[in-house]
Amino acid sequence: MNRSTRPSWLSSVTRILPQPRAPTDLRGGYTRVDGHELGDLTNRATESAGSSSQRNPDDFEFDASAEARDYSSRQYPTEIELKTLGRVADDLPWSAFLIAVVELCERFAYYGLVGPFQNYMANKWHDPNGLPGAIGLGQVGATALSNLFMFFLASMPIFAAVVADQYLGRYYTIFYGMLIYIIGLAILSVTSLPSFIEAGFALPGLLISMIFIGIGGGGIKANVSALIAEQYTETKPFVRITRSGKKVIVDPPMTITRIFSIFYLCINIGSLSPILTTSLESSVGFYAAYFLCFAMFIIGLITLIYGKNNYIIKRPTGSPVFDALRIIWIRVRTGTFEAAKSGGGRGKAGRPWSDRFVEELKKALEACRVFLFFPIYWVAFNQMNNNFVSQAGQMERHNIPNDIMSNLDPIIIIIMIPICDKYIFPYLAKRGFGSPVQKITLGFLLGAATLLYASLIQSRIYASGPCYTSPSNCPEAFIPPPPSAPEGSLGSYRPNEISILWQIPAYILIAMSEIFASVPSLEFAYSRAPKELKSFVMGMFPKNKSFEFHRTVFLLLVWKP
């Protein structure tokens, strides 16, 4: 399909999306922080736009846009027009929509399988509390394994970025990553069938699938945001006459912001998949939830392959990561970055980097210091996916699955981001509270308030009957199976008498914490990182989440289930 012949419904979709207010909105996008996506997208998009004005044909494997655009008749604005004419976003390339669909399917599969993970790992098959389960690791074991998986998943994008830049390129790294990912989904889906669970294959199948999903997910996460940003190659504003006869300036940064909006929209649509998968987990079984994720991921893979001839695909040009690691090692050995410099020019023998690269790496590492505080924050944030779920299992659920509550987080974020952007952030800025560091500080405080509130709820659970400090595990709460139940049914336990709805304020607090802490941190690092090292700096952010594993394991040692 030619990129210039976009379906008419796509134009309607782009008109529905909010119009960006100014090119500076490039730094103000938002995303989820299991979340790694939009910060890297912003960074990659800007680098792509900055380099596309001097494009080498050998750097591109495919360029479907060249044949569809006629640059000879383009009118560029005068100085007066730049100051007086209104600015609009350009039509989006068809390939960008296809990549956004790929991301939607991948996020749907990821969040859909992670949603039931805690019950799948923590509770037993035919759990006496009436909760869905398969493996029976208990809350401590399930939370530790979940965080180990997050550690592995957060580590892979760094390696995948090197593979893409050095060997395969972004498209093929995503493609092979999806093939590896889908093997993991297939193994998880099959081993979650009742017959396989009863035969003892659930835990081995889960561990093997985690390895495949972690490796494949790293290949996707490190490159999909860059690939979608590269689909738009315009770098200069130009004049266009609208259908109403109005003269406007088509602004490339605003178009990139439009791409961000669609990409972000798809991410959050995908993140709501646990609403479906947790319902299937309770009503049908884990296999139904995981097969749904598998089917959705197949759609994403087909979409990626279908659009290949429409994509702009850059060839790998080499990665600066190895040079950066060598310079860091010299800094560690000598105590100064000066030892890595050549004194001018293009480096000494065996040192292919320039002095300017050393200085920019130094500035990049200084920008990374803001990330040092985030491992503690991620410990609090990740409780939403494990301990909050187990806590809900100890409360009166009113036929609400205990692991569906975590879906309130993306819903609240979608609602609150426009409100924060239009009202709360400007209000705080007018009162001298608008810098990224101030917002991050407030986000950390909200995260702490979330854990404090959850602790108060837990104390209320222990203070409530019938089981008090042993929720769902006392003779007084035991409910024998009805006479019509199948032979071998174990019965169930009544939870303590406190409503699951008391958890809602905790999800509001953690969502607001994410808006204030995560997004400004990406903005802070991006705005201070040198141009050539923005990918390096932004790649360090999701890596911080890996350190939460160690701290969470420590917390589990003092957890009272």
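The values are calculated or read from the model by the stated rules, or taken from the named source; none is laboratory data. Source: prediction; values computed, not measured. When we count neighbours, we look across all protein chains shown, and the Cβ atoms used for this are built from the backbone with ideal geometry, even at glycine.
Tabulated values for the structure
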{"quantity": "Output for the range 124-140, where each listed residue is assigned to a loop (DSSP other than H, G, I, E, B), more than 19 Å from SER195 (Cα to Cα) and either of a type in the set (Gly, Ala, Ser) or outside the structural domain of PHE286 (by the TED database) (or both)", "calculated": "GLY130"}
{"quantity": "Neighbours by Cβ (under 7 Å, 6+ apart or cross-chain): first from the range 68-90, at pLDDT below 80; second among the aromatic types (Phe, Trp, Tyr)", "calculated": "ARG74/PHE238"}
{"quantity": "Some residue of the range 459-476 being surrounded by fewer than 17 Cβ atoms within 10 Å (Cβ to Cβ), modelled with pLDDT of 90 or more and polar (S, T, N, Q)", "calculated": "yes"}
{"quantity": "The listed residue being of a type in the set (A, V, I, L, M) and in contact with a Lys or Arg (Cβ under 8 Å, 6 or more places away or on another chain), out of ILE241, ILE302, ILE275, ILE256", "calculated": "ILE241"}
{"quantity": "Which numbered condition GLY393 fails, given (1) closer than 21 Å to THR143 by Cα; (2) surrounded by fewer than 21 Cβ atoms within 10 Å (Cβ to Cβ); (3) touching an Asp or Glu at 6+ places or on another chain (Cβ under 9 Å)", "calculated": "(2)"}
{"quantity": "Residue satisfying condition, being closer than 20 Å to ASN407 by Cα and without any contact (Cβ under 8 Å) to a residue 40 or more places away in the chain, within set GLY133, GLY112, GLY184, GLY141", "calculated": "GLY133"}
{"quantity": "Listing of helices (runs of 4 or more DSSP H) fully contained in the range 141-253 that carry 2 or more residues being assigned by the TED database to the domain that holds PHE294, surrounded by fewer than 20 Cβ atoms within 10 Å (Cβ to Cβ) and β-branched (Val, Ile, Thr)", "calculated": "170-191, 202-221"}
{"quantity": "Pair list, Cβ < 6 Å and 6+ apart or interchain, from the range 296-315 residues that are more than 23 Å from ASP165 (Cβ to Cβ) to residues that are surrounded by 15 or more Cβ atoms within 10 Å (Cβ to Cβ) and among the small types (Gly, Ala, Ser)", "calculated": "MET296/ALA109; PHE297/ALA109"}
{"quantity": "Test result for SER225, small (Gly, Ala, Ser) and within 30 Å of GLY136 (Cβ to Cβ)", "calculated": "no"}
{"quantity": "Pair list, Cβ under 9 Å, 6 or more apart: the range 438-455 residue of a type in the set (Lys, Arg), other residue buried (at least 22 other Cβ atoms within 10 Å of the Cβ)", "calculated": "LYS439/ILE515; LYS439/PHE516; LYS439/ALA517; LYS439/VAL519; LYS439/PRO520; LYS439/SER521"}
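So that you can scan it fast, the table gives a plain yes or no per residue for (1) surrounded by fewer than 21 Cβ atoms within 10 Å (Cβ to Cβ); (2) modelled with pLDDT under 80; (3) part of a helix (DSSP H, G or I):
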{"position": "ALA339", "(1), (2), (3)": "yes, no, yes"}
{"position": "GLY343", "(1), (2), (3)": "yes, yes, no"}
{"position": "ARG346", "(1), (2), (3)": "yes, yes, no"}
{"position": "ARG351", "(1), (2), (3)": "yes, yes, no"}
{"position": "PHE357", "(1), (2), (3)": "no, no, yes"}
{"position": "LEU365", "(1), (2), (3)": "yes, yes, yes"}
{"position": "LEU372", "(1), (2), (3)": "yes, yes, yes"}
{"position": "PRO375", "(1), (2), (3)": "yes, yes, yes"}
{"position": "PHE381", "(1), (2), (3)": "no, yes, yes"}
